[in-house]
Structures are given as structure tokens and as C-alpha cells.
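Below: one structure, written as C-alpha cells.
The values are calculated or read from the model by the stated rules, or taken from the named source; none is laboratory data. In this text, all values refer to a predicted model and were calculated from it rather than measured experimentally. Cβ atoms come from the backbone with ideal geometry, glycine included; neighbour counts cover every protein chain shown. Quick note on the areas: whole protein, heavy atoms, side chains included, nothing else; ligands and nucleic acids left out. Shrake-Rupley method; radii C 1.70, N 1.55, O 1.52, S 1.80 Å.
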Amino acid sequence: MKMKVFEIVGEYKKKGEIKKFTAKTKAQTHKYASDKAMCLIGSRHKVKRRDIVLKEVKEAGEENDGNKGN
């Protein structure tokens, strides 16, 4: 299956402050992209999933697999 590039926009709450973020990730489906974004934000910023809100997950294109297509 081809991997798609997804752009995820959201916010997380840490120490009473709400911080916004935008992330790009490669995944096969919308669901996997959402899950990956939650994992990345949680591990980078030490935030629980319940404190992360995804506002928008949209497809930004397909990954180029490096083949030129002869």
C-alpha cells in the first residue's frame, strides 16, 4: 500500500496552558495518522492522550517511493 502524508493540527494542555501544534506524518489511513500524532506529541512533550485534542487531520499528498516509473 502507498503511504500518504497527513497534516495534523491540534492543541494540548500542559501545566494549565493550551499549546497549539501542527505535525506532518506518513501513514496508510486517517486513523493511523491520528494515532501516530498522539504518540509523537505525547512522547515529545510528556503529555497524556486525554490532554491532546486533534482539531484537523487532512491528507497532504502521497509519499514518493523513489521509483521513477520506467
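One table, with the values for the structure above:
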read-out	value
Heavy-atom accessible surface of the chain: percent carbon and sulfur, 1.4 Å	47 percent
Nearest-ten-degree value, helix 30-45 long axis tilted from longest Cα axis of the chain	50 degrees
For the chain, calculated [θ]222 nm from helices alone, where every DSSP H run of n ≥ 4 adds -39500 (n - 2.57)	-7500 deg cm²/dmol
Normalised contact order of the chain, rounded percent, pairs of Cα under 8 Å and 6 or more residues apart	44 percent
Per residue value of the accessible surface for the chain (all protein chains in place, 1.4 Å probe), Å²	78 Å²
Cα-Cα separations in the chain greater than 20 Å, expressed as whole percent	33 percent
Protection proxy ranking of 42-48, 22-28 - average other beta-carbon atoms within 10 Å, highest first	22-28, 42-48
